[in-house]
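The values are calculated or read from the model by the stated rules, or taken from the named source; none is laboratory data. Just so it is clear, the structure is predicted and the values come from calculations on it, not from any experiment. Using ideal geometry, Cβ is built from the backbone for each residue, glycine included, and neighbour counts are taken over all protein chains shown.
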Amino acid sequence: MEVFRIQGGARLAGQVQITGAKNSSLKLMAAALLAPGKTVIHAVPNILDVTIMAELLRRLGCKVEYDEAKQAVSIEVPQTIEHRADYDLVRRMRASIAVLGPLVARTGEADVALPGGDAIGSRGLDMHTAGLERMGAVVTNEHGYLVVHAPTGGLVGTALYLDFPSVGATETLLMAGVTANGVTVIDNAAREPEIVDICNMLVAMGAAISGIGGSLLTVTGVDSLHAVEYTTVSDRIVAGTWAVAAAITQGDITVNNVNPSHLSIVLEKLATAGATVEVFENSFRVQMDRRPTAVDIVTLPYPGFPTDLQPQFIALNSIAEGSAMVTENLFEARFRFVQELTRLGAEVRTDGHHALIRGRSKLSGAPVEATDIRAGAGLVLAGLVADGETTVHAVEHIDRGYVNFEKELVELGATVVRETST
């Protein structure tokens, strides 16, 4: 087990370069299954989840290579692929469910282990399975696996309505629909930039999709798709984490290679907290020269405030002037990390999906444990402003979402060391 040892008190300043989005890269890798041939995806971050997804694709019959220098993954998909995604991989990463739609579309069947991943709450597959059943598939749950069989003539396009704009369900039904018979209409579809990204890649592969970027997607099935070369959208969550890092340490960070419009509400909240925010075409700069002012947060599907930046903002509010209410509408267990944050002296009270944070003038370093990717990032940010040393355990969670996180922090002026815990 590895840990981060953080000495508090540093002011972060400098520039960071954002790579492709974790939440998009994994889904684009899964989408490659839809077309035989060699697909190359650029701007893929060198993180553990990418390694897991690569191994999953290999077990399905693909040849996968990752070029660390170019941050590119090449996926050679054979004419015939397997249809079973084993538990030992799927349990480590919820994004593994992204292979469900492509497997059913390509092979007419899928055996996908029920996924694991972050302990942030239930992410049911009801909308995935209900949509596939509406398209004619037979879905059963057998021995911990989701087993799907398409009808003899293939999936059939139909009108689908999602009770909630689920990113995962939207992706599954999109990828299932691109080669289905007829037209699939997905109403109340997710609108995240990562959904736009997968739509754009599917269109580049030959899919017919209209309404991209909106909540009503129309997918007209085509006979087949072809392999492509594609570049992943930049990671707005990593970019947002650096923005909060600048504000919480009263620093000055320029974040490059990102679309600022993907973080409009986040940057607006930081400005409300007292930061000076400058927005450019493909970058933004966040400066803070005083203690932040507490800001209320309500997480919602895009274009609302992203749940993946909620822990970072709780950390910011923990040392801000005043009190703030954070409301979590997406994942019921997202507040699990609050217990760890209070070990640093933060004053946070939770009630259901609300958290009341009373800002304190300072935190105090202590051992804490990351419970998921973003909780880990939030604890690191809190450690940066805590007196003394903070030891963050279970940093393998952080490694699933951030490339060389501690090295970037050091380059910006932090004192952070990665060590093996005994």
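Condition test on residue 2, is it out of contact with any Asp or Glu (no Cβ under 8 Å at 6 or more places or on another chain) and either acidic (Asp, Glu) or not assigned by TED's automatic domain parsing to the domain that holds residue 393 (or both)?
Answer is no for this residue.
If the Cβ limit is 6 Å and pairs must be 6+ apart or interchain, which residue in segment 233-245 that is under 19 Å from residue 213 (Cβ atoms) pairs with which residue that is among the hydrophobic types (A, V, I, L, M, F, W, C)?
What qualifies is 233/21; 234/18; 234/258; 235/18; 235/21; 236/263.
Any residue in segment 83-94 that is within 11 Å of residue 49 (Cα to Cα) sitting within a Cβ distance under 7 Å of a residue that is in a helix (DSSP H, G or I) and β-branched (Val, Ile, Thr)? List the pairs, counting only those 6 or more apart or interchain.
89/52; 92/52; 93/52
Got a sec? Which of 401, 376 is assigned by TED's automatic domain parsing to the domain that holds residue 312, closer than 17 Å to residue 310 by Cα, under 17 Å from the mean Cα position of the chain (by Cα) and assigned to a helix (DSSP H, G or I)?
Sole residue among the options that is assigned by TED's automatic domain parsing to the domain that holds residue 312, closer than 17 Å to residue 310 by Cα, under 17 Å from the mean Cα position of the chain (by Cα) and assigned to a helix (DSSP H, G or I): 376.
Is there a residue being closer than 29 Å to residue 212 by Cβ, small (Gly, Ala, Ser) and in contact with a strand residue (DSSP E or B) (Cβ under 9 Å, 6 or more places away or on another chain) anywhere in segment 315-336?
There is no residue in segment 315-336 that is closer than 29 Å to residue 212 by Cβ, small (Gly, Ala, Ser) and in contact with a strand residue (DSSP E or B) (Cβ under 9 Å, 6 or more places away or on another chain).
Restricting to segment 174-193, and then to whatever is of a type outside the set (A, V, I, L, M) and under 18 Å from residue 27 (Cα atoms), can you tell me which residue is surrounded by the most Cβ atoms within 10 Å (Cβ to Cβ)?
Selected residue: 177.
Yes or no: segment 165-188 includes at least one residue that is in contact with a Pro (Cβ under 6 Å, 6 or more places away or on another chain), free of Cβ contacts under 8 Å to residues at least 60 places away in the same chain and not hydroxyl-bearing (Ser, Thr, Tyr).
Scanning segment 165-188 turns up at least one residue that is in contact with a Pro (Cβ under 6 Å, 6 or more places away or on another chain), free of Cβ contacts under 8 Å to residues at least 60 places away in the same chain and not hydroxyl-bearing (Ser, Thr, Tyr).
Which pairs have Cβ atoms under 7 Å, sit 6 or more apart or on different chains, and link a residue in segment 342-361 that is surrounded by fewer than 18 Cβ atoms within 10 Å (Cβ to Cβ) to one that is of a type in the set (S, T, N, Q) and at pLDDT below 95?
Taking only residues 6 or more apart or on different chains, the pairs are 353/329.
Condition test on residue 220, is it out of contact with any Ser or Thr (no Cβ under 9 Å at 6 or more places or on another chain), polar (S, T, N, Q) and more than 18 Å from residue 95 (Cβ to Cβ)?
The answer is no for residue 220.
Sort through 222, 196 and tell me the only one that's farther than 19 Å from residue 305 by Cα, of a type outside the set (Lys, Arg) and not in a strand (DSSP E or B).
One residue alone meets the criteria, 222.
Are there any strands (runs of 3 or more DSSP E) wholly within segment 127-174 with 1 or more residues that are within 26 Å of the chain's Cα centre (by Cα) and either modelled with pLDDT of 95 or more or within 23 Å of residue 189 (Cα to Cα) (or both), and if so which?
The qualifying strands (runs of 3 or more DSSP E) are 145-149, 159-161.
Do we find that residue 413 is assigned to a helix (DSSP H, G or I) and small (Gly, Ala, Ser) in this structure?
It is false that residue 413 is assigned to a helix (DSSP H, G or I) and small (Gly, Ala, Ser).
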